[in-house]
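Structure record follows, encoded as structure tokens.
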Amino acid sequence: MLEKLMDIDRRIIFILVVLAVIIPTLLPINLPISVSAPTRQLHDYINALPAGSTIMLAFDYGPASLAELNPMAKALLKQCFDKDVRVIGITLAPEGTAMGSTLIQEIADETGAIDGEDYVFLGYRPGEELVILGMGSDIASVFETDYNGKPLADIPMMTNVTNYDQISLLIDLASGSSTEIWITYANVRYNLQIAAGVTGVIISQMYPYLQTGQLIGLISGIAGAAEYETLLDAPAKGILWINIESFVHLLIAGLVVIGNIAFFVQRRKEE
Amino acid sequence: MEVFGIWVAAFLTLCIYSFLYRDNPFYRFAEYLFVGVSVGYVFVLTTHQGFIPLAWKPFWAAITGESLIGLIKLIPICIGLLFFTRFSTQHQWLVRYPIAILIGAGSGLAIPNVLRANIFEQTRGTIEPFAAIHAGTLSAGEIFGAILMVIGVVCTLTYFFFSIEHRGPIKWVSKVGIAFLMIGFGSAFGNTVMGRVALLIQRVDFLLNDWGGTIF
């Protein structure tokens, strides 16, 4: 029996994983969600901002990471628009332009936010570090127009925003090394407050920055998105997907335990 | 049109997942299509969001006499064009100049900021809790965490210190460092699994709800 388990066709495991996803998707079960301190810190920071404040939201990810980052982006945008906090959307990743503009438009339609008054999407400029440093002096020197080609001077919410001095917080939604770049150039050089929402792959790299206060908050993958939706009391894909994810994690943990038991039993027999 | 887009996305998703059974022409078609579309998209976007607003428009405004300040863009444009001398065996030595400028400017911008963000701030973050311990403002759990962090930093750095042979006490300290590294890698791997499973869940959700919605 255990020998058979050691030689199991990997495609059977694929089928088990797919079933562990499909069954809870069709029969949703709500498991309790506890909110971590870094997620709560970001939520409370935005909640404490006075109405009319401006934050910058960087969509530094592509379609390959939308499963983890779109739910948290939606929750953040909803919170900002509900709190009357203005949002400047930008991206350092070319693939982020379509993601960012579509997402902001979608949430603006839901909440009634107005383009140019409550939000603006500036789009993409190449040169990561140079873009960040340039905006520290003058945003209009890097983005003369928004993504739709409208000059910044003609956008009402940008009339009093020149550089980072007028921006209360930058939130970097990242699937790569962009958060480190924002910290290195915008936080160190211009003292801009930074928070991040990141994919599971890079969470571990972010904790040292959280511990030093270089990040004032952190949303970690799909679990963090579910926590944020819980804080806003606005259940959406984050909560739905983390419940499904829990079943897959149970399956994977079970397979790891069974695999190890089978391995050690077989090795003992061979000895 | 939206329904057509959903069907294309569903077909390509199934093509990619067909690789789980084995390599096949459908998977390769989707893979090559993805690579081609990605390169085309990035090229067009970089041209429209980078080259045209940052180089071409100011330069054209200078030529037409609308704004002569755009002439200054001629300097970086000419330096950038030197990269293309690589294609000529006679002139390829000129490529050293833009590379030298890039490395020089890049290092000048990066070194002070990276040192401060990743060395000075991290060192401060590691030793600062001890000031709070001295002031008596930390709980027992936080004190334990602060001490554990210093032990982890010292042991891990010792593991990467190769100027002394790892024997005797140094060997044991570096072994503790390996244990900290393993815990770090385990945490990173666990989080990676969470991320990858989330991608699968999103695609299954798309297939069942969005694609399924167009069928049933």
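Here, each number is a calculation from the coordinates, and none is a lab measurement. Because the structure is a prediction, the values reported are computed rather than measured. As a convention, Cβ positions derive from the backbone with ideal geometry for all residues, glycine included, and neighbour counts pool all protein chains shown.
For region A:49-146, state which GluC sites (Glu not before Pro) are in a DSSP loop and have at most 12 other beta carbons lying within 10 Å of their beta carbon. Display every interim value, and only then the final one.
Values: sites: A:GLU68, A:GLU95, A:GLU106, A:GLU110, A:GLU117, A:GLU128, A:GLU129, A:GLU144; in loops: A:GLU95, A:GLU117, A:GLU144.
Here the GluC sites (Glu not before Pro) that fit, given the DSSP loop and packing criteria, are A:GLU117.
The mean number of partner chain beta-carbon atoms within 10 angstrom of a residue's beta-carbon across peptide A:199-209 is 6. Helix check for chain A. Which DSSP H runs span at least 30 Å along their own axis by Cα, with a mean Kyte-Doolittle hydropathy no less than 0.0? Those that clear 30 Å and a mean of 0.0 are A:237-270. Note on A:ASP7 and A:ILE29: the model spin-label points, each 7 Å out from Cα along the C-beta direction, lie 3.4 nm apart. Need the full-extension length gain, B:PHE206 to B:PHE4, defined as separation in residues times 0.36 nm minus the C-alpha distance. One decimal, nm. Additional length available on full extension: 71.3 nm. A Förster radius of 51 Å, combined with the Cβ-Cβ distance separating A:LYS83 from A:GLN266, puts the computed FRET efficiency at roughly 0.30. Helix screen, chain B: DSSP H segments with Cα axial length of 30 Å or more and mean Kyte-Doolittle hydropathy at least -1.0 are B:25-46, B:169-205.
Highest mobility in the GNM of chain A, judged by mean-square fluctuation with C-alpha springs under 10 Å and restricted to A:ILE252, A:ILE203, A:ILE244, is found for A:ILE252. Calculated on the Cα set of region A:30-147, radius of gyration then Dmax: 14.8, 49 Å.
How big is the antiparallel share of DSSP beta bridges in region A:37-235, given as a percent to the nearest 5?
Details: 1 of 26 bridges.
Taking every DSSP beta bridge with both residues in region A:37-235, the antiparallel ones total about 5 percent.
Of the residues B:ARG116, B:ARG96, the one with the fewest other Cβ atoms within 10 Å heads the list, and the complete ranking is B:ARG96, B:ARG116. Taking 0.36 nm per residue of separation and subtracting the current Cα-Cα distance, fully stretching the chain between A:GLN41 and A:ASN191 would add 52.2 nm.
Of the residues A:LYS74, B:LYS73, the one with the fewest other Cβ atoms within 10 Å heads the list, and the complete ranking is B:LYS73, A:LYS74. The calculated FRET efficiency for B:ALA100 paired with A:ALA153, based on their beta-carbon distance and R0 = 30 Å, is about 0.20.
You can think of it this way: the chain between B:THR47 and B:LEU74 has 8.0 nm of extra reach, that is 0.36 nm per residue less the Cα-Cα gap.
Across chain B, the fraction of Cα-Cα pairs farther apart than 29 Å, rounded to a whole number, is 65%. Over the C-alpha atoms of region A:37-235, the Rg to Rh ratio, Rh being the Kirkwood estimate, stands at 0.92.
Roughly how compact is region B:91-135, stated as its Cα Rg over 2.2 N^0.38 Å to two decimals? Spell out each step's value before the answer.
Details: Rg = 19.2 Å, N = 45, 2.2 N^0.38 = 9.3 Å.
Ratio of Cα Rg to 2.2 N^0.38 Å: 2.05.
Rounded to the nearest Å, what's the spacing between the alpha carbon centres of region B:146-216 and region A:219-253? Just the number, please. If you average the Cα positions of each part, the centres end up 20 Å apart. Separation of region A:55-130 from region B:67-93 is 35 Å, based on Cα centroids.
With a cap of 15 neighbouring Cβ atoms within 10 Å, and only residues DSSP puts in a loop, list the GluC sites (Glu not before Pro) found in region B:43-142.
Working: sites: B:GLU66, B:GLU121, B:GLU142; in loops: B:GLU66.
Answer by residue number: B:GLU66.
Label separation (A:LEU255 vs B:ALA55): 4.8 nm, computed from points 7 Å beyond Cα along the C-beta direction. Run down the lysines and flag those whose C-alpha is under 25 Å from the C-alpha of A:LYS78, throwing out any fewer than 8 positions away in its chain. Counting by Cα, and skipping residues close in sequence, A:LYS78 has these lysines nearby: A:LYS150, A:LYS237. Ordered from longest to shortest, the equivalent ellipsoid semi-axes for region B:139-216 are 46, 17, 7 Å, each the square root of 5 times a Cα gyration tensor eigenvalue. An ellipsoid equivalent to region B:1-83, defined through the eigenvalues of its Cα gyration tensor, has semi-axes of 44, 16, 6 Å when rounded to whole angstrom and sorted largest first. Computed from the alpha carbon positions, the gyration tensor of the protein assembly as shown leads to an equivalent ellipsoid with semi-axes of 39, 32, 27 Å, biggest first.
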